[in-house]
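Here is the structure we will look at, set down as structure tokens.
The values are calculated or read from the model by the stated rules, or taken from the named source; none is laboratory data. Note that the coordinates shown come from a computational prediction; the quantities given were computed from them, not determined experimentally. Here the Cβ positions follow ideal geometry from the backbone for every residue, glycine too, while neighbour counts run over all protein chains shown.
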């Protein structure tokens, strides 16, 4: 199989990439396969993003679309599981971590799972810290730092994030 055939079969042939510009997918593929950046990922990743700990991730197809098009993301799933639900999307520069160092002893690391529910939207430059659980239908405003868990059907924003309003159907 030639390079072009492999590219189209493994990347473009996946239905969740159908609306992503071909040039961006190809550039992502070059960076992953030729320059070996994020090359352990079985899906396309934006060339400016970093994803660590794929073995600890259970992510949806829409997460794969967001990581392909939203540059500057930093996803670290080391030491604990990251779960992202269906129809959840995020914007540029999102940071999701399942591990951080202790406040006093910086040589000690603390890992806690992160769960992001279905149909969530993480705005630009959002940070999700270890141990956070976001319910379904949560919208997180741009530049928010999420340090605690939130229930379903809310809009949260701020540093630290707090509930701005409830979403009613």
Is it the case that some residue within region 7-16 is closer than 25 Å to residue 95 by Cβ, touching a helix residue (DSSP H, G or I) at 6+ places or on another chain (Cβ under 8 Å) and either surrounded by fewer than 16 Cβ atoms within 10 Å (Cβ to Cβ) or at pLDDT 60 or above (or both)? yes
Within the set of pairs 6+ apart or on separate chains, which have a first residue in region 42-60 that is at positive phi, a second that is surrounded by fewer than 19 Cβ atoms within 10 Å (Cβ to Cβ), and C-beta atoms under 6 Å apart? 53/78
Quick one: in region 23-49, of everything that is in contact with a strand residue (DSSP E or B) (Cβ under 7 Å, 6 or more places away or on another chain) and at pLDDT below 80, which residue is farthest from residue 63 (Cα to Cα)? 38
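Among the residues of region 141-155, which ones are without any contact (Cβ under 8 Å) to a residue 24 or more places away in the chain and either within 11 Å of residue 94 (Cα to Cα) or not in a strand (DSSP E or B) (or both)? Before the answer, list the steps.
To start, the set of residues in region 141-155 that are without any contact (Cβ under 8 Å) to a residue 24 or more places away in the chain comprises 141, 143-151, 153-155.
Across region 141-155, the qualifying residues are 141, 143, 144, 145, 147, 148, 149, 151, 153.
Given the options 79, 71, name the one that is touching a strand residue (DSSP E or B) at 6+ places or on another chain (Cβ under 9 Å), assigned to a loop (DSSP other than H, G, I, E, B) and either free of Cβ contacts under 8 Å to residues at least 40 places away in the same chain or under 22 Å from residue 138 (Cα atoms) (or both).
79
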Any chance you could count how many residues in region 96-121 are more than 19 Å from residue 52 (Cα to Cα) and part of a strand (DSSP E or B)? 1
Scan region 82-110 for residues that are buried (at least 19 other Cβ atoms within 10 Å of the Cβ) and either in contact (Cβ under 8 Å) with a residue 40 or more places away in the chain or in contact with a helix residue (DSSP H, G or I) (Cβ under 9 Å, 6 or more places away or on another chain) (or both) and jot them down. 82, 84, 85, 88, 90, 91, 94, 98
If the requirement is being on the phi > 0 side of the Ramachandran plot and at pLDDT below 95, which of these qualifies: 158, 131, 79? 79
Which numbered condition residue 128 fails, given (1) surrounded by fewer than 19 Cβ atoms within 10 Å (Cβ to Cβ); (2) touching a strand residue (DSSP E or B) at 6+ places or on another chain (Cβ under 8 Å): (1)
Of the conditions (1) modelled with pLDDT under 95; (2) farther than 20 Å from residue 46 by Cβ, residue 118 satisfies every one except a single condition; which number is it? (1)
